[in-house]
Protein chains: 2
Amino acid sequence: MASSGHGSGRQEAADRRLRLIAGHLHPRIAASECKAEAAESDPVRAKTVPKRRQEVMKWNGWGYSDSRFLFNKKGQAEFTGRRYRLGGLIFPSLKDWFESTFGANLQHKSPPTAALNSSAITPPNLNEPFLQDLKSMGIPHSLEAEDRVFRAHGHCLHEIFALREGRFGRLPDMVVWPNCHDDVVKIVELACQHNACLIPYGGGTSVSSALECPPDEMRSIVSLDTSQMNHILWIDEKNLTAHVEAGIVGQELERLLNESGFCTGHEPDSMEFSTLGGWVATRASGMKKNIYGNIEDLVVHIKMVTPRGVVEKSCQVPRMSTGPDIHHFIMGSEGTLGVVTEVTLKIRPLPEYQKYGSVVFPNFEQGVACLREVAKQRCAPASIRLMDNAQFQFGHALKPQVSSIFTSFLDGLKKFYITKFKGFDTHRLCVATLLFEGDREKVLQHEKQVYDIAAKFGGLAAGEDNGQRGYMLTFVIAYLRDLGMDYYVIGESFETSVPWDRVLDLCRNVKERITRECKERGVQFPPMSTCRVTQTYDAGACVYFYFAFNYRGLADPVHVYEQVEHAAREEILANGGSLSHHHGGMALHDEGSRWGTSAGIWAGARIRF
Amino acid sequence: MASSGHGSGRQEAADRRLRLIAGHLHPRIAASECKAEAAESDPVRAKTVPKRRQEVMKWNGWGYSDSRFLFNKKGQAEFTGRRYRLGGLIFPSLKDWFESTFGANLQHKSPPTAALNSSAITPPNLNEPFLQDLKSMGIPHSLEAEDRVFRAHGHCLHEIFALREGRFGRLPDMVVWPNCHDDVVKIVELACQHNACLIPYGGGTSVSSALECPPDEMRSIVSLDTSQMNHILWIDEKNLTAHVEAGIVGQELERLLNESGFCTGHEPDSMEFSTLGGWVATRASGMKKNIYGNIEDLVVHIKMVTPRGVVEKSCQVPRMSTGPDIHHFIMGSEGTLGVVTEVTLKIRPLPEYQKYGSVVFPNFEQGVACLREVAKQRCAPASIRLMDNAQFQFGHALKPQVSSIFTSFLDGLKKFYITKFKGFDTHRLCVATLLFEGDREKVLQHEKQVYDIAAKFGGLAAGEDNGQRGYMLTFVIAYLRDLGMDYYVIGESFETSVPWDRVLDLCRNVKERITRECKERGVQFPPMSTCRVTQTYDAGACVYFYFAFNYRGLADPVHVYEQVEHAAREEILANGGSLSHHHGGMALHDEGSRWGTSAGIWAGARIRF
């Protein structure tokens, strides 16, 4: 073909073509080289998510060991550590909000068991032939109890609750750390050869039970930890793509791309810990999808290792019509079909300008009507989120002491209140937070358009600070569940997507249903049941619910919790919502089977091949 | 659930909810009613694509019988009929262009065999039990030779060439016309029960051989014609969606939606004849995808009948993360997995304002650089297409006599030439045509932004008329192939998608390769080998090729044609392009198997289940 021609003109063309092809083969070649050492030697990286997670992360709660909410001796809420801008600050209003919302009492504590007691852990059920072959290949692994415990769970309520009580279910029998795609190929071949059971492990933030080991699994379970496959293998500035190993965590990916002046713009709330491979496997959505798209919009190429070999497309093109799209088989498969090892993603130049904003609406109905109009006009900013009144009150409770940017939302409102907000009922009003990105001039135009629409629905601009703080709380809120669990309060979030005309009914009905179910199931205190609209689409929206309650007096709080959550899901389905918008297929355990997903186990995959 | 509550408040909520659900079940119920009569009684519809296609369409060429190019007694090219704005017009320059480009000669004719001779058609191989059950169900069918011939092919060159010579391959043995989803369920059940072979037939515009009957198929082949399933079942103005039967043709869908003030904006070049179901099955792309999206962006819900039952999602939501996306199994399956019967699509309010435009660049390289920048800034208009110089010359040859809007491109340029285009080489310059849509103010802003970018790449605005005519030729160009075949000229188009940094190499190399291959395979006249960039994406573009040659002196012109096309595809792959951007999986016959698609036959699907 290319080289089949005669004559200098054709020879030139052939040479040109060969250079061209060679140039584009290069990245693939690079992709096969193992680069783990580079990663280990990166000091920043070592501090974020090290190979030995126990060095910096909690074993029975969310996030970093040095960062937690607690009530100090004076009974004031405090957030420890220096990692977050809220670190070291006091939250004077949180105690009252906490006690009045949940009927909780700082005298009634439910602390976790002190430390991780390795002796309580059943020894591993080893597959010796697998282990020997693995050793001979020099692929790093561990049999240590701590390493196994850290990879035995995601962050479902029942998983964390059990850990706090020092209860361990079936654990992986060992952990392996492949350093690159080729290592994964070898490990999967070994697993098939010796009938070991593999569970891919990325950031461990799963809330779909995909990391749970089936108690009755007799085979040796191997946790395949992708954390050492965390390199950007190439950046293509002409096509605005980057080829990245799937184990990289979100904050690392953005940090490293930013150094080159780029970003993916993919920012799920879990991005501190969740990985690229996890985003692909669970079909993740990002906060700023209105500009950057969800993961399915960002992916150009995926490489996945399966028991039947490596699955990948033969070219890196923007669109193909040749048959079903294998990327959409992989996205949502949650580890049941294979291990995602490398991904080519779209990247964008860093935005020139960012601006936060917020709008207050007299009520939730008006807010939703505004978001629907914004979607209809297709002028949604990078992010637009509408909180209901309960979340607005919650935001107020998170007002830290002393700090300019951190003036509470209500204080922020005072500036406007007398003049503008007369007649707004603080027990009905709701708030939208906004984030605009782009070049300065366009952002300002865009901002005007959105505020003009808001005004038509009675919405009043409520300042940049209030918007910015809303987004700054994103990473910190995840730490609050542990505080609640110290005082008999359990809770979780779940989400759905729904057509526009059913958003209001769904929100109201689901919140009512939760309250009713709690009462009927003997919960002795009124639950917190609140929601926000977090994403807008042409034909509908994503709604995100929080619910939590004080479980004092309940024999089996987690069971009650799961019964209520199940009822809430049934209510969502009855109102035309989906099981999940972005949390994956098994967000509701007994619904998982509807989708034929299994708990991320090869066995599950095999029968499907 | 909903109705399980006690107490008036909860009872109300329950009632509200039941009404809500009932309201949303309604469309599904409606979807099951058969409405064929309504369609038959629609006079406009009857004129576009009737049940008996032979009444208005050619049996051995493209489109409507009353519309064709011909050279009249004076040797002037003429387009017959009154359906198109070009109908009845003379094209004085076409003859010279045609003769000089292809070395053709109006004295050397290669006319088709006169008429369709039904006696030459082998009688049907009937499956009597299937036929009897079908009759008892009252589902319309036909065994007539003409009906079978019309559904035995798409519009690949080899298919039309054979028909012109009066050669018929394996034909479907009968044609059935289901009137609704339920009819299709019955037909598929019968086919499974009696081992008949079904080939779904929509608009018959396939260029991927998906409609070809395998010569060795021993079972009775039944062509399932969806043309009577052509109703809009409901329009949801709140969510901006429409639920439509899959057999509706594009021009009908847009006409009917426009009557309600809406559109889908999905406009593939085949939209006069291609159907919604065909778009889904082949993963179609529309000219205006930059605003409206490709078919995968437009689809909210798909209903498909398979041998294993009906496949559809359980809700109509904007996004789901629960497992692999079945829509992406269906899109691109080209009839091998089932029959698409109903689709919920996004709709948009009709745009307030449309404006055409055009830009002339000194050369193709500058034009591509401009499109890449437009894509980078994400400001592509509804449509932007860049023609190379050969297509620009071609456009000039299609200048009709007398007509203001139809002043030829070159005439259009004259206005500017002396002042602006000094130094532009008319043998190197290339042209981009533009279509803007939206509200007037935004369109004008948008237009300015695009022309400003174009200027940076030496592009000069060349007027609205030139742009508009470019798009008006879209539907007429398809008729030119038949004219060519009357004078020993055969040709076809094929397309690909490719990363931005390889667009130029791919275009040049593929065109060179075609010319070289023609020469090496004994084609005695230089071929026409030309391309245009028809779509822009973040990471690449779609390139559309035309190639044609004078086959006088060749023993087996179609074989030569296919060898050259195959070589061109190899060249595309070697340059990092995809097999196809929007023409489906089997665009290259012997590549089809790479994608596991079969010629749209259930048998093909079965083994895959």
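I'd like the full set of residues that are among the hydrophobic types (A, V, I, L, M, F, W, C) and in contact (Cβ under 8 Å) with a residue 60 or more places away in the chain, limited to segment B:331-344.
Selection gives B:Leu337, B:Val339, B:Val340, B:Val343.
This table checks each residue for (1) small (Gly, Ala, Ser); (2) at pLDDT 95 or above; (3) surrounded by fewer than 23 Cβ atoms within 10 Å (Cβ to Cβ).
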site: A:Ser223; (1), (2), (3): yes, yes, no
site: A:His243; (1), (2), (3): no, yes, yes
site: A:Gly277; (1), (2), (3): yes, yes, no
site: A:Leu298; (1), (2), (3): no, yes, no
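Provide a single number: the residues in segment A:523-579 that are within 28 Å of A:Ala162 (Cβ to Cβ), touching a residue at least 60 places away in the same chain (Cβ under 8 Å) and charged (D, E, K, R).
The qualifying residues number 5.
Might you check whether a residue that is surrounded by 24 or more Cβ atoms within 10 Å (Cβ to Cβ) and closer than 21 Å to A:Thr341 by Cβ occurs anywhere in segment A:284-291? Give the steps one after another, and end with the answer.
Here is the first cut: in segment A:284-291, the ones surrounded by 24 or more Cβ atoms within 10 Å (Cβ to Cβ) are A:284-286, A:289.
Retained after the next criterion (residues that are closer than 21 Å to A:Thr341 by Cβ): A:284.
Checking segment A:284-291: at least one residue is surrounded by 24 or more Cβ atoms within 10 Å (Cβ to Cβ) and closer than 21 Å to A:Thr341 by Cβ.
Which members of segment B:307-365 meet the condition of being more than 8 Å from chain A (Cβ to nearest Cβ), assigned to a loop (DSSP other than H, G, I, E, B) and in contact with a Lys or Arg (Cβ under 8 Å, 6 or more places away or on another chain)?
B:Pro307, B:Glu312, B:Ile326, B:Thr336, B:Leu337, B:Glu352, B:Pro362, B:Asn363
Scan segment A:535-556 and give yes if some residue there is in a helix (DSSP H, G or I), out of contact with any Asp or Glu (no Cβ under 6 Å at 6 or more places or on another chain) and surrounded by fewer than 23 Cβ atoms within 10 Å (Cβ to Cβ), otherwise no.
No, there is no match, as no residue in segment A:535-556 is in a helix (DSSP H, G or I), out of contact with any Asp or Glu (no Cβ under 6 Å at 6 or more places or on another chain) and surrounded by fewer than 23 Cβ atoms within 10 Å (Cβ to Cβ).
Can you tell me how many residues within segment B:185-207 are within 24 Å of the chain's Cα centre (by Cα) and at negative phi?
Qualifying residue count for the region: 9.
For segment B:48-64, state whether one or more residues are in contact with a Leu (Cβ under 7 Å, 6 or more places away or on another chain) and part of a loop (DSSP other than H, G, I, E, B).
yes
Looking only at residues that are in a loop (DSSP other than H, G, I, E, B) and either among the small types (Gly, Ala, Ser) or out of contact with any Gly (no Cβ under 7 Å at 6 or more places or on another chain) (or both) in segment B:117-134, which one is surrounded by the most Cβ atoms within 10 Å (Cβ to Cβ)?
Filtering segment B:117-134 down to residues in a loop (DSSP other than H, G, I, E, B) leaves B:117, B:121-127.
Next, from what is left, pick out any that are either among the small types (Gly, Ala, Ser) or out of contact with any Gly (no Cβ under 7 Å at 6 or more places or on another chain) (or both): B:121-127.
Values: B:Ile121: 16, B:Thr122: 11, B:Pro123: 9, B:Pro124: 20, B:Asn125: 15, B:Leu126: 14, B:Asn127: 22.
Filtering segment B:117-134 for residues that are in a loop (DSSP other than H, G, I, E, B) and either among the small types (Gly, Ala, Ser) or out of contact with any Gly (no Cβ under 7 Å at 6 or more places or on another chain) (or both), the one surrounded by the most Cβ atoms within 10 Å (Cβ to Cβ) comes out as B:Asn127.
State yes or no: is A:His155 out of contact with any strand residue (DSSP E or B) (no Cβ under 6 Å at 6 or more places or on another chain) and either over 18 Å from A:Gly584 (Cβ atoms) or surrounded by 23 or more Cβ atoms within 10 Å (Cβ to Cβ) (or both)?
Criteria not met by A:His155.
Among the residues of segment A:228-239, write down those that are touching a Phe, Trp or Tyr at 6+ places or on another chain (Cβ under 7 Å) and more than 14 Å from chain B (Cβ to nearest Cβ).
Residue satisfying the conditions is A:Gln228 alone.
Name, by its number, the condition in (1) under 20 Å from A:Leu224 (Cα atoms); (2) within 29 Å of the chain's Cα centre (by Cα); (3) assigned to a helix (DSSP H, G or I) that does not hold for A:Thr101.
All conditions are met except number (1).
Quick check: anything in segment A:98-116 buried (at least 17 other Cβ atoms within 10 Å of the Cβ) and among the aliphatic types (A, V, I, L, M)?
Within segment A:98-116, one or more residues are buried (at least 17 other Cβ atoms within 10 Å of the Cβ) and among the aliphatic types (A, V, I, L, M).
Quick check: is even one residue across segment B:292-300 within 15 Å of the chain's Cα centre (by Cα), in a helix (DSSP H, G or I) and more than 9 Å from chain A (Cβ to nearest Cβ)?
yes
Just checking, how many residues over segment A:485-510 are assigned to a helix (DSSP H, G or I) and crowded, with 21+ Cβ neighbours inside 10 Å?
8
Do we find that A:Lys442 is out of contact with any Phe, Trp or Tyr (no Cβ under 9 Å at 6 or more places or on another chain) and either part of a helix (DSSP H, G or I) or assigned by the TED database to the domain that holds A:Cys379 (or both) in this structure?
Here the answer is no, as A:Lys442 does not meet what is asked.
Yes or no, residue by residue, for (1) assigned by the TED database to the domain that holds A:Glu245; (2) at pLDDT 95 or above; (3) among the β-branched types (Val, Ile, Thr); (4) part of a loop (DSSP other than H, G, I, E, B):
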{"residue": "A:Leu86", "(1), (2), (3), (4)": "no, no, no, yes"}
{"residue": "A:His108", "(1), (2), (3), (4)": "no, yes, no, yes"}
{"residue": "A:Ala115", "(1), (2), (3), (4)": "no, no, no, yes"}
{"residue": "A:Ser136", "(1), (2), (3), (4)": "no, yes, no, no"}
{"residue": "A:Phe168", "(1), (2), (3), (4)": "no, no, no, yes"}
{"residue": "A:Pro172", "(1), (2), (3), (4)": "no, yes, no, yes"}
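Which pairs do you get when a residue that is in contact (Cβ under 8 Å) with a residue 60 or more places away in the chain, found in segment A:303-330, comes within reach of a residue that is among the hydroxyl-bearing types (Ser, Thr, Tyr), reach meaning Cβ atoms under 6 angstrom, with the pair 6+ apart or on two chains?
Every condition considered, the pairs that remain are A:Lys303/A:Thr341; A:Val305/A:Thr341; A:Gln316/A:Thr344.
Could you tell me which of the residues A:Ser270, A:Ser285 is within 12 Å of the chain's Cα centre (by Cα) and within 12 Å of chain B (Cβ to nearest Cβ)?
Numbers: A:Ser270 fails: within 12 Å of chain B (Cβ to nearest Cβ).
When all the criteria are applied, what remains is A:Ser285.
Identify, by number, the condition in (1) within 13 Å of chain A (Cβ to nearest Cβ); (2) farther than 30 Å from A:Glu296 by Cβ that B:Ile490 doesn't meet.
The number of the failed condition is (1).
Quick check: is even one residue across segment A:324-331 in contact with a Phe, Trp or Tyr (Cβ under 7 Å, 6 or more places away or on another chain) and over 30 Å from A:Cys507 (Cα atoms)?
The answer is yes, given that some residue of segment A:324-331 is in contact with a Phe, Trp or Tyr (Cβ under 7 Å, 6 or more places away or on another chain) and over 30 Å from A:Cys507 (Cα atoms).
Restricting to segment A:248-266, name every residue that is assigned to a loop (DSSP other than H, G, I, E, B) and in contact with a Phe, Trp or Tyr (Cβ under 9 Å, 6 or more places away or on another chain).
A:Thr264, A:Gly265, A:His266
Run B:Ile347 past the list (1) surrounded by 20 or more Cβ atoms within 10 Å (Cβ to Cβ); (2) without any contact (Cβ under 8 Å) to a residue 40 or more places away in the chain and report the number of the one that doesn't hold.
With (1) surrounded by 20 or more Cβ atoms within 10 Å (Cβ to Cβ); (2) without any contact (Cβ under 8 Å) to a residue 40 or more places away in the chain applied to B:Ile347, the lone miss is (2).
Conditions first: (1) surrounded by fewer than 18 Cβ atoms within 10 Å (Cβ to Cβ); (2) of a type outside the set (S, T, N, Q); (3) in contact (Cβ under 8 Å) with a residue 60 or more places away in the chain. A:Gly438 passes all but one, so which condition is the exception?
(1) is the only condition that A:Gly438 fails.
The values are calculated or read from the model by the stated rules, or taken from the named source; none is laboratory data. Given the structure is predicted, the values throughout are model-derived calculations rather than measurements. Positions of Cβ are generated from backbone atoms using ideal geometry, with glycine treated the same way; all protein chains shown enter the neighbour counts.
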